[in-house]
Amino acid sequence: MPVNKDKGLFIVFFATAMCVVCSAAVSSLAVALREKQTTNKRLDKQKNILRVAGLLEAGASPDQAAVEEAFKNIEAYLIDRKTGERVEGEVAGYDQRKAAKTDEGGVSAESGVAKLAQVKRLPNTLLVYEVTVPGKEAYILPISGNGLWSTLLGFIAVKLNAQTIAGITYYEHAETPGLGGEVDNPKWKALWPGRQIYGPEGDVRINANKGGGFGPDHDIDALSGATITSHGVTYMLQLWLGPDGYQPFLKKATAGSGGN
Amino acid sequence: MDKKTKKILVDPLHVENPITLQVLGICSALAVTTNLSTALVMCGALTFVLLGSNIVISCLRNYIPGSIRIIVQLTVIASLVIVADQVLKAFVYDVSKQLSVFVGLIITNCIVMGRAEAFAMANGPVDSALDGLSNAMGYNIILILVAAPREFFGFGTLLGHPIIDASESSWYVHNGMMVLSPAAFFIIGVLIWIQRAAAPSMVEED
């Protein structure tokens, strides 16, 4: 049957059919693969926690069982953001970014540094992962904030003295590959361990901005070609390690363990 | 094999190579060739998309209205790219994270649309499939030729296996430039030079 393929009605019909067929194919595939992808994502997050804790070699890619085994050395619990007190609650399903968006789980962020990090809401309850392996004890704290294009999600590992950084990692971001995307670069991440977080007044001095400002104990080289991503990293750390973030918890933790 | 089929199959590998002659698909050729494993996954994804889009568009070519043909081609290509991206995320998550946006950017890879518009719209599905395959192979060969030396000289490894002793005390100092994008330009430049020296037909007249 010959069709006049350039007639108006046929064009509309063809375009509609095309859209329906393609979207049906794509969405059914996406649904079919969703479960596998979520597992991968969760596994990747756990691997990142293990990596920043120093429990996983940089290049190693262990399977699910090995990750879960290693994860037994990490205790996860919830704390109250304002007081730093440990609170009861189910850790497994808790997503502090989601909680922050709800009325009962979060408050809107007012401080200047929160605006700089472009974090609009803060959760009332925060997650802490504590590494219990001897010699590698650390608190692993989730951090998030905006870079240039995307929200960066990651972890910062802080030693039990609540002052020295043990490592940093980002597990999700969409910064420009090769520029802001270099937050993934192992060489850059290697600059972090050993840096001191707080100044004598308890002010957060960790700084990855160009030019630095607080001296070699606190400054980290900015990423070249990625000024805005570097700023994002700095501000999100100043927020999450500051009084609106984990500082009350870290203060309390050191006070409890003898206080030095 | 008749002459036409042979031409379809062989030309894109050398004298009609999509990267080195037509200089298409350069973006991904620069970005994903820092190591061989990401380059290979990218090759696989592009081969799938190019083959698929050529076959689908060739089958539909007698029905696609001329006035909306580009957007129809893009719809087909975009759907295939999403399929490739989703499958990679489900089965090789680590590599798909490294490839990040570049799988998605296959949509804008001019090789795919170029072949759809220039070949699949005018030829049958079998010829189009062969054309898609051979053009993908032309792209793959160049990607591998660029990625292998970059990984070897940049990291001292191939497919992640250490070839040169990579420790601090090693005699070999890694060539940091090979890891950066300009190295891909240099290697592609050298490849174009070699190809043109071997096949003068590739050299355009002034």
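The values are calculated or read from the model by the stated rules, or taken from the named source; none is laboratory data. All of these numbers come straight from a predicted model, not from anything done at the bench. Note: ideal-geometry Cβ built from the backbone for every residue, glycine included; neighbour counts use all protein chains shown.
Miscellaneous remarks
- Tally, over the range A:30-44, of residues that are at the interface with another protein chain (Cβ under 7 Å from one of its Cβ atoms) and more than 21 Å from the chain's Cα centre (by Cα): 3
- Per this entry, A:Glu201 is not counted among residues that are of a type in the set (Asp, Glu) and in contact (Cβ under 8 Å) with a residue 40 or more places away in the chain.
- Every listed requirement among (1) more than 14 Å from chain B (Cβ to nearest Cβ); (2) part of a loop (DSSP other than H, G, I, E, B); (3) of a type outside the set (Asp, Glu); (4) under 25 Å from A:Leu43 (Cβ atoms) is met by A:Pro177 save one, (1).
- Conditions (1) part of a helix (DSSP H, G or I); (2) within 19 Å of B:Asn35 (Cβ to Cβ): number failed by B:Ser134: (2)
- The criterion of at least 2 residues that are surrounded by 17 or more Cβ atoms within 10 Å (Cβ to Cβ) is met by the following strands (runs of 3 or more DSSP E) wholly inside the range A:25-139: A:74-80, A:121-123, A:125-131.
- Residues of the range B:62-93 classified as part of a helix (DSSP H, G or I), surrounded by fewer than 16 Cβ atoms within 10 Å (Cβ to Cβ) and facing another protein chain (nearest Cβ under 7 Å), total: 2
- Condition met for A:Gly245 (modelled with pLDDT of 90 or more and surrounded by 20 or more Cβ atoms within 10 Å (Cβ to Cβ)): yes
- Selection status of B:Ala129, more than 12 Å from chain A (Cβ to nearest Cβ), in contact with a Lys or Arg (Cβ under 8 Å, 6 or more places away or on another chain), of a type in the set (A, V, I, L, M) and surrounded by fewer than 20 Cβ atoms within 10 Å (Cβ to Cβ): no
- Residue match in the range B:162-178 (condition: out of contact with any strand residue (DSSP E or B) (no Cβ under 7 Å at 6 or more places or on another chain) and assigned to a strand (DSSP E or B)): yes
- Summed over the range B:94-109, residues that are within 9 Å of chain A (Cβ to nearest Cβ) and not in a helix (DSSP H, G or I) total 1.
- Among the criteria (1) within 30 Å of A:Tyr139 (Cβ to Cβ); (2) out of contact with any strand residue (DSSP E or B) (no Cβ under 8 Å at 6 or more places or on another chain); (3) more than 9 Å from every other protein chain (Cβ to nearest Cβ), the one A:Ser27 does not fulfil is (1).
- Of all residue pairs spaced 6 or more apart or on separate chains, those with beta-carbon atoms under 6 Å, a first member in the range B:181-206 that is part of a helix (DSSP H, G or I) and a second member that is of a type in the set (Ser, Thr, Tyr) are B:Ala184/B:Thr33; B:Leu191/B:Thr20; B:Ile192/B:Thr20; B:Gln195/B:Thr20.
- Residue match in the range B:32-53 (condition: in contact with a Pro (Cβ under 9 Å, 6 or more places away or on another chain), in a helix (DSSP H, G or I) and either over 24 Å from A:Thr176 (Cβ atoms) or more than 9 Å from chain A (Cβ to nearest Cβ) (or both)): no
- Those residues of the range B:135-165 which are closer than 18 Å to B:Ser28 by Cα and small (Gly, Ala, Ser), in sequence order: B:Ala136, B:Gly138, B:Ala147, B:Ala148
- Scanning the range A:171-212 for residues that are among the polar types (S, T, N, Q) and surrounded by 15 or more Cβ atoms within 10 Å (Cβ to Cβ) yields A:Thr176, A:Gln196, A:Asn207, A:Asn209.
- Residue count, the range B:178-195 (criterion: within 14 Å of chain A (Cβ to nearest Cβ), of a type outside the set (A, V, I, L, M, F, W, C) and within 17 Å of the chain's Cα centre (by Cα)): 1
- Any hit, the range A:157-170, residues being buried (at least 16 other Cβ atoms within 10 Å of the Cβ), at pLDDT 85 or above and farther than 25 Å from A:Pro243 by Cβ: no
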